[in-house]
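What follows is a set of notes on a single structure, which appears directly below.
The values are calculated or read from the model by the stated rules, or taken from the named source; none is laboratory data. Here the structure is a predicted model, which is why all the values come from computation and not from measurement. Neighbour counts run over all protein chains shown; Cβ positions are idealised from the backbone, glycine included. Heads up: the accessible areas ignore ligands, DNA and RNA and are worked out on the full protein's heavy atoms, side chains in. Shrake-Rupley method; radii C 1.70, N 1.55, O 1.52, S 1.80 Å.
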Amino acid sequence: MIRIGQAGIPLSCKGRTNKDGLVYTKKILDLNAIEIQFVRGLYVMEDEEAQFIKDYAKENDVEIHVHAPYYTNLAGSGEELELSLEKILYSARPADKMGAKTVVVHPGFYGEHTQKKTSKKIIKSAKKLQGIFKKEKIKVKLGIETMGKQKVFGSLDEIIEICSNVKGVIPVIGLGHIHARTNGSLKKREDFEEVFAKLKPLRLKHYLLHLTGVLYENGNEYYHIPIKKGDMPLAPLIEIILDNNLNVTFISESPLLEHDAVYIRLQVEKAIMKRTGKEEADYRDLSEIL
Ligand SMILES: [Zn+2]
């Protein structure tokens, strides 16, 4: 199954609430996923809005994910760590009420610690969060994202290490970030295959993939750019997904948001048409090529 959506309220959507964004994603864009952004401070969402989102998403088969505030440091200590956990919980609680699948979290910083020590601290914090989730009966998955800068914890290997050590935590595979951090390593089919090979021990039944073009230098991401302007191709990735019938959700986090989500959709449908020989395809229907 392939799901496609964007990170946040579509740019072309007039209404600026999450509710508006969700309805627009389904009705106008005809996409089936959205990642709601709680990226600044401690977000407050009324129960009524959360309930609407849950019901609407269920009725219309739209998958919901939530992104917690960008600035969190699970490798921190004292007040910084407390505030980070708080931000994540303030995202996870409404995410749960919305029936979201994942709450996406940025892992944190090495600071003065070694890579190993940082990893240990993040594992400890992630376990703590999982404990609170369990106690509060929060069913949302904690998703830890790969990061595009060297000084930030979050290479693919590092994220896999966290996930292997904390039951229930899943990787959020920011392909643009991986590409930037490895100074543009994702070009050919084998390069993407290596990503999935690394993830294999986690036995994921679903992959949450973030896609964007990215401007980078020396293994550091500068900023996100439209997918077409970047140098990471989509075609080999889509081929792997179709060949292996992977269950994936693409979230466009390019500056063009939904425009690039639709671009991803067109690329997927082009790949399906190539296989069926027909002139029409729907990214939700893979029955003819499996
Ligand atoms: Zn992120």
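For segment 161-196, the tally of residues that are open to solvent by 20 Å² or more (accessible area, probe 1.4 Å), among the β-branched types (Val, Ile, Thr) and either touching a residue at least 40 places away in the same chain (Cβ under 8 Å) or within 16 Å of the ligand (Cβ to nearest atom) (or both) stands at 1. What do you reckon, is ALA92 buried (at least 23 other Cβ atoms within 10 Å of the Cβ) and touching a residue at least 60 places away in the same chain (Cβ under 8 Å)? Answer is no for this residue.
Across segment 42-62, the number of residues qualifying as without any contact (Cβ under 8 Å) to a residue 40 or more places away in the chain and of a type outside the set (A, V, I, L, M, F, W, C) comes to 8. Here is a check on your reading of the model: is LEU129 over 23 Å from GLU80 (Cα atoms), touching a residue at least 24 places away in the same chain (Cβ under 8 Å) and of a type outside the set (D, E, K, R)? No: the conditions fail for LEU129.
Considering each residue of segment 54-89, count those that are surrounded by fewer than 21 Cβ atoms within 10 Å (Cβ to Cβ) and within 14 Å of the ligand (Cβ to nearest atom), and give that number. Selection size over segment 54-89: 2.
Taking first residues from segment 203-224 that are within 16 Å of the ligand (Cβ to nearest atom) and partners that are among the β-branched types (Val, Ile, Thr) and not in a strand (DSSP E or B), the Cβ contacts under 8 Å between residues at least 6 apart in sequence or on separate chains come to LEU211/ILE227; LEU211/ILE264; THR212/ILE227; GLY213/ILE227; HIS224/THR212.
Residues in segment 197-251 that are in a strand (DSSP E or B), crowded, with 20+ Cβ neighbours inside 10 Å and polar (S, T, N, Q): THR249 alone. The residue list ASP30, ASP20 contains one member that is assigned to a helix (DSSP H, G or I), without any contact (Cβ under 8 Å) to a residue 12 or more places away in the chain and not basic (Lys, Arg), which is ASP20.
Residues being open to solvent by 10 Å² or more (accessible area, probe 1.4 Å) and within 16 Å of the ligand (Cβ to nearest atom): count how many of those fall in segment 132-150. Number of matching residues: 3. Among the criteria (1) assigned to a loop (DSSP other than H, G, I, E, B); (2) touching a helix residue (DSSP H, G or I) at 6+ places or on another chain (Cβ under 7 Å); (3) open to solvent by less than 30 Å² (accessible area, probe 1.4 Å), the one ILE36 does not fulfil is (1).
Between THR17, THR25, the distinction of being more than 16 Å from the ligand (Cβ to nearest atom), among the polar types (S, T, N, Q) and open to solvent by 10 Å² or more (accessible area, probe 1.4 Å) belongs to THR17 only. The strands (runs of 3 or more DSSP E) falling completely within segment 65-179 that include 3 or more residues that are among the hydrophobic types (A, V, I, L, M, F, W, C) map to 102-105, 170-174. Going through (1) surrounded by 13 or more Cβ atoms within 10 Å (Cβ to Cβ); (2) touching a residue at least 24 places away in the same chain (Cβ under 8 Å); (3) farther than 25 Å from ILE9 by Cα one by one, ASP260 falls short only on (3). For segment 143-152, the criterion of a residue being under 24 Å from ILE2 (Cβ atoms), within 19 Å of the chain's Cα centre (by Cα) and among the charged types (D, E, K, R) is satisfied by at least one position.
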